[in-house]
Amino acid sequence: MAVELKEIEAALDDVLLLEPKRSLTQLNMVRDIGVSEGSVKLTLALTVLSAAERERVQERVRATVEAIPGARGERASHRACGAAAPGA
């Protein structure tokens, strides 16, 4: 089953920031979503968040993407705009 962009966007609508309790998509923090053979890659604009909040959000996004049927979460990557991604 192929993963569609709208499925990813809808799933990411449920990822909320602690403050201001709005989703990443509502705050336009999700950029450049790409899907290739089930592998999902996206860019998160998280530079305004603390390091602890960035880590929490990245882990939540990773879990959300991995929960989408057909998505291969082991190849999903997330990085903060303007900052090095963990493990990069």
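Things worth noting here:
- Taking first residues from segment 6-30 that are at positive phi and partners that are modelled with pLDDT under 90, the Cβ contacts under 9 Å between residues at least 6 apart in sequence or on separate chains come to 28/45.
- Top-ranked residue of segment 1-38 - restricted to ones that are in contact with a strand residue (DSSP E or B) (Cβ under 9 Å, 6 or more places away or on another chain) and of a type in the set (Gly, Ala, Ser), ranked as surrounded by the most Cβ atoms within 10 Å (Cβ to Cβ): 23
- Filtered residue count, segment 38-60, keeping only those that are assigned to a loop (DSSP other than H, G, I, E, B), free of Cβ contacts under 8 Å to residues at least 24 places away in the same chain and either within 22 Å of residue 71 (Cβ to Cβ) or small (Gly, Ala, Ser) (or both): 1
- When segment 1-18 is limited to residues that are in a loop (DSSP other than H, G, I, E, B) and β-branched (Val, Ile, Thr), the one that is modelled with the lowest pLDDT turns out to be 3.
- Subset of segment 32-77 [under 18 Å from residue 22 (Cα atoms) and modelled with pLDDT under 85]: 46, 47, 48, 49
The values are calculated or read from the model by the stated rules, or taken from the named source; none is laboratory data. These numbers were taken from a predicted model, which means no experiment stands behind them. Backbone-built Cβ (ideal geometry, glycine too); neighbour counts: all protein chains shown.
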